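The structure appears below as structure tokens.
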Amino acid sequence: MATNIEIKARIHDFKKMLDVARELSDLPEEIIIQEDTFFHIKNGRLKLRIFSNDSGELIHYARQDTQKSKRSDYLIYPTSTPSKLKEVLSNALGIKVVVKKERRLFVKAQTRIHLDKVEGLGNFIEFEVVINKEKEIPEAYQTIEELEEIFGIKENQLITVAYADLILDKYSQSK
């Protein structure tokens, strides 16, 4: 099982965040269009991330819904037939919610910086520090704090839950 330490925040000045991310990144920015279909399960979250007709990933993950940096343990299974897998999982488990987003990916050492435009929700930033060994966990929390400072992220911007939960909340409030 893979592990990362992550944090997510709502942002208002997308261009400013984009400029900071471009300045920090070790690699050129990558723009990724993603459709995440979440399924009903008892433990953790299960989503099928579709990139294209022949590229996707089935991701199971578990993490606490806390406002501060949090540990996420996950498994990823790549697929070249995401539509067929979606059909199978939809029939077996039922679809909980679908999240569509444009993600701009930046990489700084072991950290992935995501600037996301999420359909129906707005703009967000996410930091994920990939953990290779348990002893790296304290450093990962420190990296997240440093990035919060660099990007000017305030506590009231932090998001405790997944985009899927925000969409479900928004949908339930509109009823």
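Remark: the chain carries a charge dipole of roughly 660 debye about the Cα centre, counting +1 on each Lys and Arg Cβ and -1 on each Asp and Glu Cβ. In the chain, taking the dipole from charged Cβ atoms about the Cα centre, the farthest positive-side position among Tyr74, Ile7, Gly152 is held by Tyr74.
Could you give log10 I(q)/I(0) at q = 0.24, 0.26 Å⁻¹ for the range 114-175, computed by the Debye formula over C-alpha point scatterers of equal weight, without solvent? So the normalised log intensities are -1.08, -1.15. The calculated FRET efficiency for the pair Tyr77 and Glu136, based on their C-beta separation and a Förster distance of 30 Å, comes to about 0.80.
For the range 68-146, the equivalent ellipsoid derived from the alpha-carbon gyration tensor has semi-axes of 29, 18, 12 Å in decreasing order.
Rounded to the nearest 500, what is the chain's calculated 222 nm mean residue ellipticity when only DSSP H runs of at least 4 contribute -39500 (n - 2.57) each, over all residues? Working shown, then result.
Working: 4 runs with 49 residues, N = 175.
It comes out at -8500 deg cm²/dmol, rounded to the nearest 500.
Rg/Rh for the range 2-173 stands at 0.95; both radii use Cα atoms, and Rh follows the Kirkwood definition.
Taken together, the values in this text are just the output of simple stated rules run on the coordinates, not laboratory data. The model shown is predicted, which means the values in this text are computed figures rather than measured ones. All Cβ positions, even for glycine, are placed from backbone atoms using ideal geometry, and neighbour counts span all protein chains on display.
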